[in-house]
Amino acid sequence: MTNSTTAKPRAQFSSKLGFVLAAAGSAVGLGNIWGFPTQTATNGGAAFLLVYLLMVVILGYPLLVAELAIGRYSQANPVKSASAIVPAAFRLPARGLAFVGLLTASAILSFYAILAGWLVGFFASPVFELLGMTATSEWLESTSSTSSSFVTMALFMGATIYIVKNGVSEGIECWSTRLMPLLVVLFLVLIGYILTQDGAKDGLIMYLKPDFSHISGDMIHNAMGQAFFSLSIGACTMMVYGSYLKKDASLPKTAAQVAMIDTGIAFIAGLLILPAMFVAQNNGVAIYDDNGSLLQSGGLVFSVLPAMFGTMGGMGLAVAFVFFALMVIAALTSSISLLEVPVSTVSEEFGLERKKTAWLIGGLITAFSSLIVLNQDPLFDIVVVASTEYAQPILGLLFALLVGWVWRRDKLLNELKQGHPELETGWFWKIWPWYVRVVCPLLMLFVFVKSLL
Ligand code: PFF
């Protein structure tokens, strides 16, 4: 990544691959290994998987292209970007919308840091165990402990702030490029292992054999929220990353690559976690209550994974260490994209130094996370549901409406043609503009109405 390739002082991703990996780094994170498997297990397995895949294709992908296009067009922070594509009369509402996106990104980061902190705890725990400090090791793994959640959350936020303060040129791309292949390899090895264990087959059947009786308005709404969360749409992160993307990349292709990597990794994570749940149950870990509902669904993954590593004997400690290290890095490449939204906006809009802004905003978000740690029930769920199931889809849609209805068609076409000169004559340009104008809003309205009924 370099600053010197353009006349503009703004940083850019150094290559198309670098961008795809950085954007995929934002997309791949806790949503894939925590959100998706938990939602799948809670909502009936394979039926949820199918609805989720549908949501990625019919809503996620088209809106991802819209958000990336807004960012790349103006090569500026989200508040400037959103107002740059609309005529003067719409400037204020467009800026307001981006400001709500900025708050949404901050809210997501505030609960994300707590979850990621738990991963930090599980990552550090084997080290203390090896040192014979069993009490510390257990404390690090107790997700219900306020003190441990607070310390690990603060450590994770510190790391996020540290990377973001250096800017995209040094921080983001170099982390993302190394991680993804390692993560996939480790997942595949662990899947190979878990499938040899008793009980794994039940998990596999639940994951891959659909029972359509589980489909309901609520389930479709959950799948939509999960798709937006996983693809990082509707919180201005893809807009910011788009603003660092060079003009020679094709937006439709780039978005498709990001969506495919993200969905592929979620699918692979499901292949590991759902069988691991049933193996854990087989080994005496309680997963479901007497009514067949998942126990402690939010913390599910955090009890199932350690249970799996526990079955591996001496190797388990080392594998847990590597697994949680990779997960912490995956969470970091997402959290830095979240913090980048308010930091780039505030530092550019108010002319503040980037380093100071990163500490200031990161500090404020850490303070809010602490409040959630202290009032976990009910604050945690409220922030998760409000930001991922409502704010992200609604904002994603409003951005697409700006693109579909307000952005001048010739300018939009011109932006999309950069890096994709043949676009005007292809199928994408025939379908996408009216699809985001009309079909996406109708689909989303349908999902919201159905879940209310
Ligand atoms: N997509 C990330 C994940 O799946 O963990 C989380 C996330 C990042 C959500 C950035 C929203 C966002 F803007």
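Data for the structure
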read-out	value
Hits in the range 66-78 - residues which are assigned to a helix (DSSP H, G or I) and open to solvent by 10 Å² or more (accessible area, probe 1.4 Å)	TYR73, SER74
Unmet requirement for LEU317, which otherwise passes all of (1) open to solvent by less than 10 Å² (accessible area, probe 1.4 Å); (2) more than 11 Å from the ligand (Cβ to nearest atom)	(1)
Residues that are touching a helix residue (DSSP H, G or I) at 6+ places or on another chain (Cβ under 7 Å), open to solvent by 10 Å² or more (accessible area, probe 1.4 Å) and hydrophobic (A, V, I, L, M, F, W, C), drawn from the range 86-105	PHE90, LEU97, PHE99, VAL100, LEU102
Test: residue in the range 341-361 that is within 15 Å of the ligand (Cβ to nearest atom), assigned to a helix (DSSP H, G or I) and either under 18 Å from THR152 (Cα atoms) or open to solvent by 30 Å² or more (accessible area, probe 1.4 Å) (or both)	no
When residues of the range 126-146 are limited to those that are part of a helix (DSSP H, G or I) and in contact (Cβ under 8 Å) with a residue 60 or more places away in the chain, the one least open to solvent (accessible area, probe 1.4 Å)	PRO126
Helices (runs of 4 or more DSSP H) wholly inside the range 206-312 containing at least 3 residues that are within 16 Å of the ligand (Cβ to nearest atom) and among the small types (Gly, Ala, Ser)	217-230, 251-282
Search result, residues across the range 11-32 that are in a helix (DSSP H, G or I) and within 8 Å of the ligand (Cβ to nearest atom)	SER26, ALA27, LEU30, GLY31, ASN32
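The values are calculated or read from the model by the stated rules, or taken from the named source; none is laboratory data. These figures come from a predicted structure and were not determined experimentally. Glycine also receives a Cβ, built like all others from the backbone with ideal geometry; neighbour counts cover every protein chain displayed. These accessible areas exclude ligands, DNA and RNA; they are computed on the full protein's heavy atoms, side chains included. Shrake-Rupley method; radii C 1.70, N 1.55, O 1.52, S 1.80 Å.
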